[in-house]
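Participant: Below you will find the structure I want to go over with you.
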Amino acid sequence: MSLEWFYRMEHAVRQSLPGGCEGFDELNIVFDTDTTTKHPSFIFSVAVGFDEGEQESFCLIHFDPVNQEFYCYHSEEDTDFETKALFGNLDEMLAFIHDAFHEYLDEMEDADFDDEDEEFNDYDDDLEEFDDYDDEFEEDVEENDSIEWITNDKYAHIEEHSPNGDIEYNIHYKLGIVPETGDGVLLRNTVTKENGEESEEGIMIFFKEEEAPYIKDLIGEYLAREVPYR
């Protein structure tokens, strides 16, 4: 039994793998070998998360040192049976790795879609609570006659576009003062439209006169930042 063919193919795969698919550059593909078993194997994984060593394998190819052949087991989509695929050359192996990688991506996209759908259902269930909060907020603003509004109403319209959908924000600002204490008041009311659903959130921030310069400095630092966040 000899592993010469195993090591030759390992070298060839390492040289050819980076150019096998554009998606390989977008994700951190890890290529490991395991020679501690009777049939050594190539293990192809994707590094996930932030913890070092956290990986998800998407392709496993074995080597039979007696028959000097590479093979793997592949599950058929329409049946519960596994088939044994033999690789006669490097191109066949690279093509299989490429297909296995895209099957992994498809599974991850389906899993992400299910998670997003569940989160959206939870959000839909909470809309009534948001509505109750908005009613209470509007009543608080109307009943708070001690605030003297010192600016005109300001409005901002922001749109965000992504593969998952479009989001629109209509934001209303107003600045006031409490004459009795001299405290400043910032009103921010946001109407969010996403996936055909609309929600509203309002907040009022009270601050002391001595705090105003610090708030101004913080906003100035945000506007002067050099590294874009988007």
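The values are calculated or read from the model by the stated rules, or taken from the named source; none is laboratory data. Everything quoted here is computed from the prediction, not taken from an experiment. Here Cβ is always computed from backbone atoms with ideal geometry, including for glycine, and neighbour counts include all displayed protein chains. Note: areas computed on protein heavy atoms with side chains; ligands, DNA, RNA excluded. Shrake-Rupley method; radii C 1.70, N 1.55, O 1.52, S 1.80 Å.
Participant: For the stretch 202-217, give me the residue count where each residue is in contact with a strand residue (DSSP E or B) (Cβ under 7 Å, 6 or more places away or on another chain) and either at pLDDT below 90 or open to solvent by less than 80 Å² (accessible area, probe 1.4 Å) (or both).
Facilitator: Summing the residues that are in contact with a strand residue (DSSP E or B) (Cβ under 7 Å, 6 or more places away or on another chain) and either at pLDDT below 90 or open to solvent by less than 80 Å² (accessible area, probe 1.4 Å) (or both) in the stretch 202-217 gives 6.
Participant: In the stretch 186-201, which residues are open to solvent by 50 Å² or more (accessible area, probe 1.4 Å) and either among the basic types (Lys, Arg) or under 18 Å from Trp149 (Cβ atoms) (or both)?
Facilitator: Leu186, Arg188, Lys193
Participant: Moving on to the next point. Being β-branched (Val, Ile, Thr), at pLDDT 85 or above, within 16 Å of Phe101 (Cα to Cα) and open to solvent by less than 70 Å² (accessible area, probe 1.4 Å) is the requirement here; does Val30 meet it?
Facilitator: Judged against the criteria, Val30 is a match.
Participant: Tell me the residue from Thr192, Thr181 that is among the β-branched types (Val, Ile, Thr) and over 34 Å from the mean Cα position of the chain (by Cα), please.
Facilitator: Thr181
Participant: Considering only the stretch 3-27, state which residues are modelled with pLDDT of 85 or more and of a type in the set (A, V, I, L, M, F, W, C).
Facilitator: Answer for the stretch 3-27, where residues must be modelled with pLDDT of 85 or more and of a type in the set (A, V, I, L, M, F, W, C): Leu3, Trp5, Phe6, Met9, Ala12, Val13.
Participant: Now for a different question. Working only within the stretch 36-79, note down all residues that are modelled with pLDDT under 80 and on the phi > 0 side of the Ramachandran plot.
Facilitator: Gly49, Gly53
Participant: Within the stretch 168-179, does at least one residue satisfy the condition of being of a type in the set (Gly, Ala, Ser) and open to solvent by 80 Å² or more (accessible area, probe 1.4 Å)? If you could, list the steps in order and put the result at the bottom.
Facilitator: Step one: of the stretch 168-179, the residues of a type in the set (Gly, Ala, Ser) are 176.
Next cut, open to solvent by 80 Å² or more (accessible area, probe 1.4 Å) only: none.
No, because not a single residue in the stretch 168-179 is of a type in the set (Gly, Ala, Ser) and open to solvent by 80 Å² or more (accessible area, probe 1.4 Å).
Participant: Next question, about the same structure. Just wondering, is there one or more residues in the stretch 142-155 that are open to solvent by 80 Å² or more (accessible area, probe 1.4 Å) and modelled with pLDDT under 55?
Facilitator: Yes: one or more hits.
Participant: What is the number of the single condition among (1) surrounded by fewer than 13 Cβ atoms within 10 Å (Cβ to Cβ); (2) more than 30 Å from Glu109 (Cα to Cα) that Asp183 does not meet?
Facilitator: Checking Asp183 against (1) surrounded by fewer than 13 Cβ atoms within 10 Å (Cβ to Cβ); (2) more than 30 Å from Glu109 (Cα to Cα), the one that fails is (1).
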